[in-house]
Amino acid sequence: MRLSLVPTLAIALAATAPALAQLATTAAQPGAPIVSRIAAGTYQVDPAHTQVAWEVNHMGFSMLSGMFGAASGSITIDPAHPAAAKVAVTFQVDQLAVTSAPFAHHLMSNEIFDAAKYPTASFVSTSVTPKGADQATIVGNLTIKGITKPVTLEAKFVGAGVNPMNKKLNFGFTANGIVKRSDFGVGIAAPYVSDTATVHIHAAFVTA
């Protein structure tokens, strides 16, 4: 009886193969890590798909993270001259996203981010050093609570292509860096919560 299942299963798989192949083709993503798809110019940040996530060690008990969305920004880029790229992004501190509303209220209070007084934070690049075809070290000025300090980000190109939803060129990068909370007067000092925060940025850009 078990052997009789083998030819039946084979027939079923053969019948579904064209449908599975079509599904795989349909599911193909329009973006790919092909730098040549990007034409030289200035592109606007895509607020719906750009965010900065941060992570700290909470009292040695657990890792804690939160996220800001982008309010505005742009990138000027020429794939033929990547070192000349310039990027600036503003983030909405007053729209902080964390695990609970009371915790978000605490973080936005004047003890931590003081979001009522400083509703946004910003990053403006000062130099870009390419590292191969799809990576770069980006140095820039980060401003939080009105305090500006230099930070270094390690960035990687994700992909580019025409978005089938808006018919516009879209492309994006990821970037990682380390920020010291004490540099910006954000929250209580160590050792209760780690002074260093790991920052993960997912930046998306689109033609105007």
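With a Förster radius of 41 Å, plug the Cβ-Cβ distance of A32 and A116 into 1/(1 + (r/R0)^6) and report the FRET value to the nearest 0.05. According to the calculation, E is roughly 0.45.
Segment V158..F61, full-extension length gain: 31.6 nm, with 0.36 nm per residue of separation and the alpha-carbon distance subtracted. Annotation: amide H-H contacts under 5 Å for S127 (H modelled 1.01 Å from N, sequence separation of 5 or more, or interchain): V139. Computed over the chain, the per-residue total of -39500 (n - 2.57) for DSSP H runs of n ≥ 4 gives a 222 nm mean residue ellipticity of -4500 deg cm²/dmol, rounded to 500.
Once fully extended, how much extra length lies between A84 and K167, figured as 0.36 nm per residue of separation less the alpha-carbon to alpha-carbon distance?
Working: separation 83, 0.36 × 83 = 29.88 nm, distance 2.73 nm.
Taking 0.36 nm per residue and subtracting the Cα distance, the gain is 27.2 nm.
For region 143-153, backbone phi angles converted through the Karplus equation (6.51, -1.76, 1.60; θ = phi - 60°) give residue-by-residue couplings of 10, 9, 6, x, 9, 10, 9, x, 9, 10, 10 Hz, Gly and Pro being listed as x.
Which one, S74, L107, I201, projects farthest toward the positive side of the charge dipole computed for region 66-208 from Cβ point charges (K/R +1, D/E -1)? The one lying farthest along the dipole's positive direction is S74.
How much length is gained if the chain between I147 and T198 is pulled fully straight, taking 0.36 nm per residue apart and subtracting their Cα-Cα distance, in nm to one decimal? Please list the in-between numbers first.
Details: separation 51, 0.36 × 51 = 18.36 nm, distance 1.84 nm.
16.5 nm is the gain from fully extending I147 to T198.
Taking label points 7 Å from Cα along the Cα-to-Cβ direction, S74 and H106 give a separation of 4.1 nm.
Can you give me the orientation-averaged projected area of the convex hull built on the Cα atoms of region 132-208, in nm²? Display every interim value, and only then the final one.
Details: hull surface 28.0 nm².
Mean projected area of the Cα convex hull: 7.0 nm².
In sequence order, region 71-86 has phi-based couplings of 9, 6, x, 7, 9, 10, 8, 9, x, 6, 9, x, 5, 8, 5, 9 Hz under the Karplus curve 6.51 cos²θ - 1.76 cosθ + 1.60, θ = phi - 60°, and Gly or Pro positions carry x.
Within the listed set T99, T137, T196, the residue fluctuating most in the Gaussian network model of the chain (springs between alpha-carbon atoms under 10 angstrom) is T99. So what's the angle, to the nearest 10 degrees on a 0 to 90 scale, between helix 5-26 and the longest Cα principal axis of the chain? For helix 5-26, the angle is close to 50 degrees.
Using only alpha-carbon positions, what ratio does the radius of gyration of the chain give when scaled by 2.2 N^0.38 Å? Spell out each step's value before the answer.
Values: Rg = 22.3 Å, N = 208, 2.2 N^0.38 = 16.7 Å.
Ratio of Rg to 2.2 N^0.38 Å for the chain: 1.33.
Distance from the C-alpha centroid of region 123-151 to that of region 161-208: 11 Å, rounded to the whole angstrom. Pairs from the table (K86/K149; K117/K149; K145/K168) lying more than 24 angstrom apart at Cα are K145/K168. Placing a pseudo-label 7 Å from each Cα along the Cα-to-Cβ vector at T137 and S182 gives an inter-label distance of 2.5 nm.
Here the dipole of region 47-192 is about 220 debye; that uses its Cα centre as origin and unit charges on the Cβ of Lys and Arg (positive) and Asp and Glu (negative).
Using amide H atoms built in the peptide plane, which far-off residues or other-chain residues are under 5 Å from A160 H to H? For A160, the qualifying residues are A32, I34.
Every read-out reported here was derived from the displayed coordinates using simple, explicitly stated rules and does not represent laboratory data. Please read these numbers as outputs of a predicted model, since none were measured by experiment. So basically every Cβ, Gly included, is an ideal-geometry build from the backbone, and we count neighbours across all protein chains shown.
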